[in-house]
Ligand SMILES: Cc1cc2nc3c(=O)[nH]c(=O)nc-3n(C[C@H](O)[C@H](O)[C@H](O)COP(=O)(O)O)c2cc1C
């Protein structure tokens, strides 16, 4: 399939694996890229720019296809060494960067100057337009159903994608709730040039996370996510568990007086315990409503091939068949 995104990124299929904390290691990024999509290493999961450089080199040993690095700008007390991470990306010859969180304006000149394609992930049309105006090459539009940070506007993809298509000139991918060929065709129909998946890629053979995380996603339904940190205007969609129930209880108790310190135990530093050790109640971890559509743990190649085959069948079979159907 050829879209503006496959052309821009030099990939075979219009499918991107979004950056994911403690999931987006070289193994997953390489597997997605080898399967014809775009794999992405999560920059800040690597503790230092030197560690990121090593991870990029490991990924390059596992694939000769293009892959990217995610740079997330989140509110933190002490800012990570962003210039150092950017240097590791440039020295590693990484062709694509996915930015997220705050406006990426500060890192754009140096990335663009080096020919790196920048895809900014955002949750509203106004932020997508801002990304376009500052020179991003593409955007990833994250609907309300997404795993991770859906923003504060709560607009689901059925509305957000056609709105983005009406306003944007640069290519964009649909992110949030994407799982299969139906998602891809629907997103293309609404004007997107491809899809970005997070949660779906965690439940794959190559995702280097504990088996219990994959099993939890397969076992979950679309009703098993919760929104946390809304009172802090840092909303995150997470999988429900004992820690999340405690966190929500604190939010109810403290209301507008809630401070980050009140929930630090449930959210700070919990990812390695969950993703690596499989301690499933250690804290809140991002997960999308799309868990309800995930029933197996294929390889990345099986998953991507299946999505593309389903999409072709829907377009050439079901939809074309509807147009061609003779009127009785
Ligand atoms: C476990 C997990 C961790 C994530 N970590 C990040 C992150 O560090 N930076 C980022 O930009 N997005 C992060 N995301 C968001 C994904 O890149 C992607 O936008 C989102 O998962 C799409 O929604 P979906 O899960 O419905 O596919 C994370 C998502 C998950 C599920």
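Every read-out reported here was derived from the displayed coordinates using simple, explicitly stated rules and does not represent laboratory data. This is a predicted model, so every value here is computed, not measured. Heads up, the Cβs are rebuilt from the backbone with ideal geometry, glycines too, and the neighbour counts pull from every protein chain shown.
Structure above, values below:
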item: Order of 199, 6, 63, 78 - criterion: other Cβ atoms within 10 Å of each residue's Cβ, fewest first; result: 78, 63, 6, 199
item: Inter-probe distance in nm under a simple model that places probes 7 Å from Cα toward Cβ, at residue 133 and residue 189; result: 3.3
item: Neighbour-count order for 22, 85, fewest beta carbons within 10 angstrom listed first; result: 22, 85
item: Inter-centroid distance (Cα atoms) of region 221-248 relative to region 134-202, Å; result: 21
item: Likely footprinting exposure, 175, 33, 221, fewest C-beta neighbours within 10 Å first; result: 221, 33, 175
item: At 1.306 mPa s and 10 °C, Stokes diffusion of the chain via Kirkwood alpha-carbon radius, µm² per second; result: 80
item: Segment residue 57-residue 233, extension gain: residue separation times 0.36 nm, minus the distance between their alpha carbons; result: 59.7 nm
item: Between region 40-119 and region 255-271, the Cα center-to-center distance that results, in Å; result: 27
item: Considering only the chain, percent of DSSP beta bridges that pair antiparallel, nearest 5; result: 20
item: Chain lengthening between residue 246 and residue 319 when straightened (0.36 nm per residue, less Cα-Cα); result: 21.6 nm
item: The chain: relative contact order in percent, alpha carbon pairs under 8 Å with at least 6 residues between; result: 17
